[in-house]
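The values are calculated or read from the model by the stated rules, or taken from the named source; none is laboratory data. Just so we're clear, the structure is a prediction, and the values are computed from it rather than from any experiment. Neighbour counts run over all protein chains shown; Cβ positions are idealised from the backbone, glycine included. What goes into the accessible areas is simple: the full protein's heavy atoms, side chains included, and nothing from ligands, DNA or RNA. Shrake-Rupley method; radii C 1.70, N 1.55, O 1.52, S 1.80 Å.
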Amino acid sequence: MNRSDITPTGAVEVRGLVKHYGDTKALDGVDLTVREGTVLGVLGPNGAGKTTLVRCLSTLVVPDAGTATVAGLDVVAQPRATRRAIGLTGQYASVDEKLSGRENLYMIGRLLDLSRSDARRRADAMLERFSLTDAAKRPASTYSGGMRRRLDLAASMIGQPSVLYLDEPTTGLDPRTRNEVWSEVKRMVGEGVTVLLTTQYMEEAEQLANELTVIDRGKVVAGGRIDELKAKVGGRMLKIRPIDADLLAAMADTVTGAGLDGLGGSTVAEGRLHVPILSDEQLTAVVALLAGRGFGIADIGTDLPSLDEVFLAITGDTPHPSADAPASTPYEEVAA
């Protein structure tokens with residue numbers, strides 16, 4: 001499947017997707033769209049349904065209701081063609097540790113029906129692409145965690161997929177290795193690959209995703225660009241740096257004691273006055289108040305809530321029973 005064959009509405013289209021595991025509804029009418037050549041981040045607490053969604057879209061499990069198309073292909077009616085259009089990297093490395101890096105990639109190429117020569121050519125190209133050529137002949141068991149993750153990504157790209165699923169791809173990795181994986185993902189997207197990314201790392205979502213979908217208890221509870229989601233939560237933090245740092249405490253007392261309509265208390269941190277505001281009118285009122293009382297202002301800025309704050313505001317922080325797929329179907333058995 002060439003990238004030019006992707007439907008114009010979206011590389012991935014999901015409508016009303018439902019999946020049950022016994023009495024548990026892992027997916028409860030999920031709708032989402034991943035635009036071609038972008039990264040959609042799917043966020044959600046443990047058990048929200050993220051992995052079940054990836055399994056349905058990868059043809060690993062059959063949904064009970066709803067529709068899903070990937071690269072213009074119906075994942076239920078056209079599973080074999082769908083598998084040729086996608087790549088998948090699960091939460092844990094799926095390589096054969098007894099085989100070398102080159103042997104792993106060659107094997108996957110052959111499983112994808114590449115000829116012997118094409119499988120060797122693609123394996124060597126991916127080893128070079130992911131900076132693994134020097135370790136090509138070594139058993140994967142000797143690879144570091146970061147090298148195994150890069151080998152995993154290389155394996156998912158052997159078939160030149162137009163759509164790539166990354167299911168919590170940096171779980172358990174150290175910060176340096178995580179950055180290496182992020183760099184590779186950005187490079188792939190720059191070359192036109194469409195990515196659906198599930199993650200619990202807020203920093204990862206901000207680094208990679210063009211848009212976000214938040215899932216909780218099997219349902220989509222929010223979606224949009226990161227700045228849009230932050231705005232939905234409501235509130236900004238007004239940060240004011242005075243000309244005279246010794247007057248910070250007095251500025252805080254002035255704002256707190258003024259009783260401005262709808263305004264909460266203020267705090268001092270990092271040499272600035274922090275005032276939570278809900279509107280531009282409140283911002284104007286605070287600045288006018290301080291200027292009117294003779295405080296000199298050197299700098300003013302506002303910050304939207306952090307993505308962590310958005311996530312907790314949308315999903316809540318109350319633990320709930322797992323609604324996701326049982327752990328008894330490891331990707332390792334089916335990823336190739």
For the stretch 239-254, pairs from a residue that is more than 15 Å from residue 276 (Cα to Cα) to a residue that is at pLDDT below 90 and surrounded by 12 or more Cβ atoms within 10 Å (Cβ to Cβ), with Cβ under 9 Å and 6 or more apart or across chains, are 248/268; 249/268
Please go through the stretch 288-336 and pick out each residue that is in contact with a strand residue (DSSP E or B) (Cβ under 9 Å, 6 or more places away or on another chain), part of a helix (DSSP H, G or I) and either at pLDDT 80 or above or over 30 Å from residue 79 (Cβ atoms) (or both). 290, 291, 307, 310, 311, 314, 315
From 298, 269, 258, grab the single residue that is open to solvent by less than 60 Å² (accessible area, probe 1.4 Å) and more than 38 Å from the chain's Cα centre (by Cα). 258
Checked pairs for the stretch 172-199, first over 18 Å from residue 42 (Cβ atoms), second not in a helix (DSSP H, G or I) and not hydroxyl-bearing (Ser, Thr, Tyr), C-beta under 6 Å and 6 or more apart or across chains, list as 192/37
Give just the number: which of (1) open to solvent by 10 Å² or more (accessible area, probe 1.4 Å); (2) over 28 Å from residue 211 (Cβ atoms) does residue 83 not satisfy? (2)
For residues in the stretch 132-144 being among the small types (Gly, Ala, Ser) and exposed (fewer than 14 other Cβ atoms within 10 Å of the Cβ), which is modelled with the lowest pLDDT? 144
Filter the strands (runs of 3 or more DSSP E) completely within the stretch 16-119 down to those with at least 3 residues that are of a type outside the set (Asp, Glu), closer than 28 Å to residue 190 by Cα and touching a helix residue (DSSP H, G or I) at 6+ places or on another chain (Cβ under 7 Å). 39-43, 86-89
Strands (runs of 3 or more DSSP E) within the stretch 149-226 that include 1 or more residues hydrophobic (A, V, I, L, M, F, W, C) and under 9 Å from the mean Cα position of the chain (by Cα): 163-167, 194-199, 211-216
Counting only residues that are open to solvent by less than 50 Å² (accessible area, probe 1.4 Å) and of a type outside the set (A, V, I, L, M, F, W, C), the stretch 86-113 contains a total of 9
Scan the stretch 158-197 residue by residue and report those that are more than 18 Å from residue 70 (Cβ to Cβ), open to solvent by 30 Å² or more (accessible area, probe 1.4 Å), out of contact with any helix residue (DSSP H, G or I) (no Cβ under 6 Å at 6 or more places or on another chain) and not polar (S, T, N, Q). 172, 174, 175, 176, 178, 186, 187, 190, 191
Select, from 232, 239, the only residue that is in a helix (DSSP H, G or I), open to solvent by 30 Å² or more (accessible area, probe 1.4 Å) and charged (D, E, K, R). 232
Kindly indicate whether residue 11 is among the hydrophobic types (A, V, I, L, M, F, W, C), buried (at least 24 other Cβ atoms within 10 Å of the Cβ) and over 29 Å from residue 191 (Cα atoms). no
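Filtering the stretch 272-287 down to residues that are open to solvent by 60 Å² or more (accessible area, probe 1.4 Å) and closer than 23 Å to residue 232 by Cβ, which residue is modelled with the highest pLDDT?
By that ranking, first place goes to 284.
Filter the stretch 129-147 down to residues that are aliphatic (A, V, I, L, M) and closer than 16 Å to residue 177 by Cβ and give me whichever is farthest from the chain's Cα centre (by Cα).
Of everything passing the filter in the stretch 129-147, 135 is farthest from the chain's Cα centre (by Cα).
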For the stretch 150-204, which residues satisfy the criterion of being farther than 21 Å from residue 226 by Cα and of a type in the set (Ser, Thr, Tyr)? 156, 162, 171, 177
